[in-house]
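The values are calculated or read from the model by the stated rules, or taken from the named source; none is laboratory data. As the structure is a computational prediction, the values presented were derived from the model and not from experiment. Glycine gets a Cβ as well: all are built from the backbone with ideal geometry, and neighbour counts include every protein chain shown. For the accessible areas, the whole protein counts, side chains as well, though only heavy atoms, and no ligand, DNA or RNA atoms are used. Shrake-Rupley method; radii C 1.70, N 1.55, O 1.52, S 1.80 Å.
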Amino acid sequence: MTYPENAPVDLTNCDREPIHIPGSIQPHGAMLVCDPEGRIAHASANAAQFLGRDGADLIEMSIADLLGGDTAHDLRNAAMRSGGSHVAGLLLSVVLPGVAQPLDIAVHSHKDRMFVEFERSGEEPRSAQDALDLTQSLVRRIGLESDVKAIATTGAKLARALLGYDRVMVYQFLHNGAGQVIAEAKRGDMSSFMGQRFPAADIPFQARRLYLANPIRIICDVTYAPVPVLPPVTSNVEPIDMSFAQLRSVSPIHCEYLQNMGVAATLSISIVVNGELWGLIACHHDSAKTVPMPLRVGAELFGQYFSLQIAVAERRAEVIAATAAREKLAEIVNEPDLDETIAETLTRNLEALRGVLGADGAGLWIDGDWKADGIAPSEDELDGLMALVGRATSGTIWCTGELGELMGPGAGFGGAVAGMMAIPISSLPRDYLLMFRSEEAHKIEWAGEPVKHIVSTPQGDRLTPRGSFETWREDVRGKSRPWSQAEIAVAETMRTYLRDVVLRHSEVTADERTRTDQRRRVLNDELNHRVKNIIALVKSIALQTGAHAATVQDYSTSLEGRLRALAFAHDQSLGGSSGELTTLIEAEASLHRYGAIPDRVMVEGPAVGLDDRTFGVLALVVHEMMTNAAKYGALSVPAGQLKIGWSIGEAGDCTIDWQEIGGPAVSEPSRTGFGSKLVHSTIAYDLRGTAEIAYETSGVRARFVIPAMHLTEIDATRPTAASADARTVFLEGLDILLVEDQALIAMDTEETLMRLGARRVRSLPSAAEALDAIAIACPDCAVLDFNLGEETSSGIADALVTRGVPFIFATGYGDSVMIPERFGAIPVVRKPVSATVLADKLDWARTRAGADAA
């Protein structure tokens, strides 16, 4: 569709506004548009002044003549290296003759045009390496989370720490195009949008398309005056498509919308899952704000990794749900009576089947015959309903939560039966298992009333963006609870399983039963293969991260199973302290203790400390052995057990014995896999120890010997992992003051204190704010970063001493460096701080304060 050059745009047709060809840019930078030969065809009105050529006519000038041959050569190379129009090549801190301040330059090619965008480097710009280092640390943090809610919550905090905006929201698009804020990190005095919904019209179709094409969109000042790109194109020339330009001007309607929200500057990061726009990381600021180009690149990389983590979490939830569904289905329809018809078998189990999907009713339609259980349509309503099912399913799972709207008024749907899921159970589109849900009357909280308003202006009546974003609640009737992606995955598992049941029922002779057993094994193998393919796909996605972020190494490692063990080892050895063998093995064993057999992994041995290198090696070895046991050995069956014990010999060496019992029969593998090589090589070459693995018929037995040189002493007074957990009782109900001027460190410490049981943690970055907080409400205890940039926390410590409040110091220096002698008795922890050390020192401080008070 083409748009007239002067076609008016308002909220009645803003979903058709050609926002990718605005003909102007934002004023914090300048733009040149060159032809394939490198001649300037168009330039922003401010380009000549921006580039130190005030008054010069840049049109038809060669880019090499304007910027110099070397810079033009570097630009072309950057454009070639970028790999496509959707990725800009960058030149940072470029010094041009006649330009007082260095410039950051982005260049990309699109539709036979080369776009060169200039922005001033910051007065104190973060280098590209600094931005990437910060991004890398955030990526590692987000990789620790495993479900969508936790990823979104942590991601909002990390994005705010990275970019410094007043408010950061994670905004997820819903099935109907509307969106909901599912996570938020904001300045303390701001109102919250958490949980509120925004109508689909707030982000129209063409804006979503641009978010999918260009993952970063920045508006430095919503009140800006657009800078035109000159000369304007004539009617017979294709408009300048700025879809991938960073300086692209945005819709004035959108700027008005943001002003109504009280927002002065924004930055949006696209969340793309499986090629679809899943949501946005939306950053808002209440004053004008420019984010340097290197930091935007870091934000884009963070957004890509965040998107992968969301995809992994959703796939993990689907796999877990599908696996649980298979187990339930095996119990419900396990070895059905072959003397029954398939309809009789499924009818007998309808109540249990609908329980798997949390449905209020279920119906079975086989060969035109209808059986129902629970809340379901009457037979008089079936003709229209089955006609809808036939049109909608096409042999696949189909569901809706708005059955009343689809069936039309007067059809009787939308109350007792408001939602439906159709599951085909035969190869032909004729037999279905139908699940029904009743109306879920509820209230939706909108960020302002989701309607457009007409206002009178000197130019006449017009539609304007919503002027108020106060919470507005809407009663929703006639709809059921939506069917989640995990439930759809469960339904797909049910469809596969029930088709298997149908096949089994179709074969009634002895020979047919034999073929049925073979068919069942094939189908089960196929289902297992599909699950493995999903897991392999997730792994493949993680590995591809490095291909798109070559300068940020190891981004994909946190998704790898083996490196999860190494990450745990890293956490346990923060600050140079040794790790504990019991902690290492118990952490991995806990992943395999579930159900009615909590002792399926038995661990026994004395307290043994390991140096950092050995802890990392053994973490990987134990993970490999445990994974193999879960796949092929004792832990692959419910009755299997694993015994792990260790002892210290006369020479001081540690011998670890591994014994698998009750698993499948074991035979020695025909080839040595990577895992076996890894176990032998790391212990033999990295630790100079020995590793022996015997594949006995009754189960795998192994013995690992760790030389004494790698063992460390364990402080008898130091809490173990279990005793550290017990400190949750000690910290329970406490109000803790945390003074820390580094946002990421404060976030880590705050989360650690909350895990240890604190009721509330007040995080403050400066001495003045901390003293004000103490005057308002005295904490129960405190953790003080001694060095607060240009000041120290000595004044805070004096105030706490006066009030008798126990506290500890945290420092990146030695235990007593810089700390005044009057605080010599105060416990000190070194950064980075582990949960064990933090709990231990706070316990000591609290105990000492109690003794002094007595």
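Which whole-angstrom value gives the distance between the alpha carbon centres of region 43-74 and region 615-651?
Spelled out, the Cα-based centre of one part sits 66 Å from the other.
If you average the C-alpha positions of region 758-800 and of region 356-408 separately, how far apart do those two centres end up, in angstrom?
Here the answer is 62 Å between Cα centres.
Taking H as built 1.01 Å from N, whose amide H comes closer than 5 Å to the amide H of Val601, not counting residues under 5 places away?
Leu642
Which pairs break 24 Å Cα to Cα here: Lys643/Lys841; Lys631/Lys677; Lys186/Lys479; Lys157/Lys841; Lys186/Lys831?
Those over the limit are Lys643/Lys841; Lys186/Lys479; Lys157/Lys841; Lys186/Lys831.
With every protein chain present, what is the per residue accessible area of region 743-788 (1.4 Å probe, Å²)?
Per-residue accessible area for region 743-788 comes out at 43 Å².
With a 1.4 Å probe and all protein chains kept in place, how do Thr496, Thr323 rank by accessible area, largest first? Display every interim value, and only then the final one.
On the way: Thr496 30, Thr323 60 Å².
Highest to lowest solvent-accessible surface, that is Thr323, Thr496.
Give me the accessible area per residue for region 167-253, probe 1.4 Å, as a whole number in Å².
Here the residues of region 167-253 average 41 Å² of exposed surface.
If you filter region 624-685 for chymotrypsin sites (Phe, Trp or Tyr not before Pro), then keep DSSP loop positions with at most 15 other Cβ within 10 Å, what is left?
Counting only loop positions with at most 15 other Cβ atoms within 10 Å, the chymotrypsin sites (Phe, Trp or Tyr not before Pro) in region 624-685 are Tyr632.
If you plug each phi of region 298-315 into the Karplus form 6.51 cos²θ - 1.76 cosθ + 1.60 with θ = phi - 60°, what whole-Hz ³J(HN,Hα) values come out, in order, with x for Gly and Pro?
x, 5, 5, 5, 4, x, 5, 5, 4, 4, 5, 5, 4, 4, 4, 4, 5, 5
Which value, in Å² rounded to 10, gives the accessible area of Met293 with a 1.4 Å probe and all protein chains present?
Looks like 0 Å² after rounding.
I need the phi-derived Karplus couplings for region 381-396: 6.51 cos²θ - 1.76 cosθ + 1.60, θ = phi - 60°, integer Hz, Gly and Pro marked x.
Couplings: 9, 6, 4, x, 5, 5, 5, 5, 4, x, 6, 8, 7, 6, x, 10 Hz.
Please give the residues of region 397-435, grouped as numeric ranges, whose backbone N is less than 13 Å from a label point set 7 Å along the Cα-to-Cβ vector of Ser378.
Within reach of a label on Ser378, which here means backbone N under 13 Å from a point 7 Å along Cα→Cβ, region 397-435 contributes 411-413.
Counting only protein heavy atoms and using a 1.4 Å probe, what share of the accessible area of region 737-798 belongs to carbon plus sulfur, as a whole percent? Don't skip to the answer; put the middle values down first.
On the way: 1360 of 2620 Å².
Ligands and nucleic acids excluded, carbon and sulfur reach 52 percent.
Per residue, how much accessible area does region 40-109 have with a 1.4 Å probe, in Å²? The partial results should precede the final answer.
Details: 3360 Å² over 70 residues.
On a per-residue basis, region 40-109 sits at 48 Å².
When the solvent-accessible surface of protein heavy atoms is calculated with a 1.4 angstrom probe, in what order do Cys399, Cys778 fall, highest first?
From most exposed to least exposed: Cys778, Cys399.
Within 10 Å, count the other beta carbons around each residue, average over each peptide in 402-409, 692-699, 40-47, 354-361, and list them highest first.
Top of the packing list down: 40-47, 354-361, 402-409, 692-699.
Ignoring ligands, DNA and RNA, how do Asp843, Asp112, Asp74 rank by accessible area with a 1.4 Å probe, largest first?
Working: Asp843 45, Asp112 125, Asp74 70 Å².
My answer, sorted largest first, is Asp112, Asp74, Asp843.
How much accessible surface area, in Å² rounded to 10, belongs to the heavy atoms of Lys371 with a 1.4 Å probe?
So the heavy atoms of Lys371 present about 90 Å² to solvent.
Counting other Cβ atoms within 10 Å of each Cβ, which trypsin sites (Lys or Arg not before Pro) in region 656-708 have at most 13 and sit in a DSSP loop? Kindly include the intermediate steps, with their values, before the conclusion.
Working: sites: Arg671, Lys677, Arg688, Arg701, Arg703; in loops: Arg671, Arg688.
Here the sparse-neighbourhood loop sites are Arg671, Arg688.
Might you report the magnitude of the Cβ-based charge dipole of region 233-369 about its Cα centre, with Lys and Arg at +1 and Asp and Glu at -1, to the nearest 20 debye?
So the magnitude is around 1160 debye.
Give, in nm to one decimal, the length gained when the segment between Asn274 and Asp367 is fully stretched (0.36 nm per residue of separation minus the Cα-Cα distance).
29.7 nm
How high is the FRET efficiency between Thr802 and Ser766 when r is their beta carbon distance and R₀ equals 25 Å, given to the nearest 0.05? Before the final figure, lay out the partial values.
Working: r = 19 Å, r/R0 = 0.78.
Rounded to the nearest 0.05, the efficiency is 0.80.
Run the 1.4 Å probe and let me know the accessible area of Val603, rounded to the nearest 10 Å².
Roll a 1.4 Å probe over it and Val603 shows about 40 Å².
Quick one: check the C-alpha center-to-center distance for region 306-321 versus region 153-184, whole angstrom.
Taking the Cα centre of each part, region 306-321 and region 153-184 sit 18 Å apart.
Applying 1/(1 + (r/R0)^6) with R0 = 45 Å to the Cβ-Cβ distance of Ala352 and Thr690, what FRET efficiency is obtained, to the nearest 0.05?
Efficiency for this residue pair is about 0.25.
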